[in-house]
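Worksheet: the structure to be examined is printed underneath.
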Amino acid sequence: MQTVLSIANGLLVLLVLLNFAVLGSSRMTALIRTVAIQGLILGALPQLRSIEISAHLIAVGASTVVIKAIFIPWLLSRAMRDVRIRREVDPLMGYIPSLLLGALGTGMAVIFANTLPIAPAQGGPLVLATSISTLLTGFIVLTTRRKAINQVVGYLILENGIFIFGLLLLDAVPLLVEVGVLLDLFVAVFVMAIILNHIQATFSSQDTTRLSTLKE
């Protein structure tokens, strides 16, 4: 059991490192691959952190991998090829400041998580710190990147943080909650896909700042 928890904790640390990779990368292909890797890790974590394996956990893990690691990255890759944009060259916040803000937020998340009455034997503080760090990463990407695909990636990472937080209640939360989270993500991606299509068709660009012209 201790070995399994150690593996789970190692995967949580890897998630934090992947967050930094997202904040420091301008290549959309790298961002999509990073989100896919996070989806694979999130699919494995429920089985590693639960007291016992059940059909419920297997279904949650499998659906997470299919949606987060396969379907959504494929959808984003196809959108990227259609609009022929490979990099985010002019973000609202530079990559170095984004990394510094992410590192600061992660450090504060670790301090905050260690102050809460969470059982350390189950790695609760690490789960909470990883969740907050991932939420912050998603928020930074969502609010400081101009390209719509990158903003979709930011939303996905933001939702990953919510998913990680749910690991704290994994043995108490019914299946309906996990299905609800995945459904919200599914709907949001389709909505963003429609937005991407309209932005490209109207402006021949994915720069969302051009939406300000619609005010006229």
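The values are calculated or read from the model by the stated rules, or taken from the named source; none is laboratory data. Since we're looking at a predicted model, the values are computed, not measured. Counting neighbours? That spans all protein chains shown, and the Cβs are built from the backbone with ideal geometry, glycine included.
Quick check on this structure: which one of Thr137, Thr143 is more than 16 Å from Leu17 (Cα to Cα), β-branched (Val, Ile, Thr) and assigned to a helix (DSSP H, G or I)?
Values: Thr137 fails: more than 16 Å from Leu17 (Cα to Cα).
Of the residues listed, the single one that is more than 16 Å from Leu17 (Cα to Cα), β-branched (Val, Ile, Thr) and assigned to a helix (DSSP H, G or I) is Thr143.
Based on what the data block shows, is Arg49 out of contact with any Lys or Arg (no Cβ under 8 Å at 6 or more places or on another chain) and within 16 Å of Val153 (Cα to Cα)?
Working: out of contact with any Lys or Arg (no Cβ under 8 Å at 6 or more places or on another chain): yes; within 16 Å of Val153 (Cα to Cα): no.
When the stated conditions are applied, Arg49 does not pass them.
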Quiz prompt | Qualifying residues in the stretch 12-44 (those that are over 19 Å from Tyr95 (Cα atoms) and among the small types (Gly, Ala, Ser)) - the one modelled with the highest pLDDT | solution = Ala36
Quiz item: Can you tell me which residue in the stretch 11-53 is surrounded by the fewest Cβ atoms within 10 Å (Cβ to Cβ), limited to those that are in contact (Cβ under 8 Å) with a residue 60 or more places away in the chain and among the polar types (S, T, N, Q)?
Solution: Ser26
Quiz prompt | Members of the stretch 77-108 that are surrounded by 14 or more Cβ atoms within 10 Å (Cβ to Cβ) and part of a loop (DSSP other than H, G, I, E, B) | solution = Ile85, Glu88, Pro91, Met93
Exercise. Name the single residue, out of those in the stretch 54-67 being closer than 19 Å to Leu12 by Cβ and at pLDDT below 85, that is surrounded by the fewest Cβ atoms within 10 Å (Cβ to Cβ).
Key: Leu57
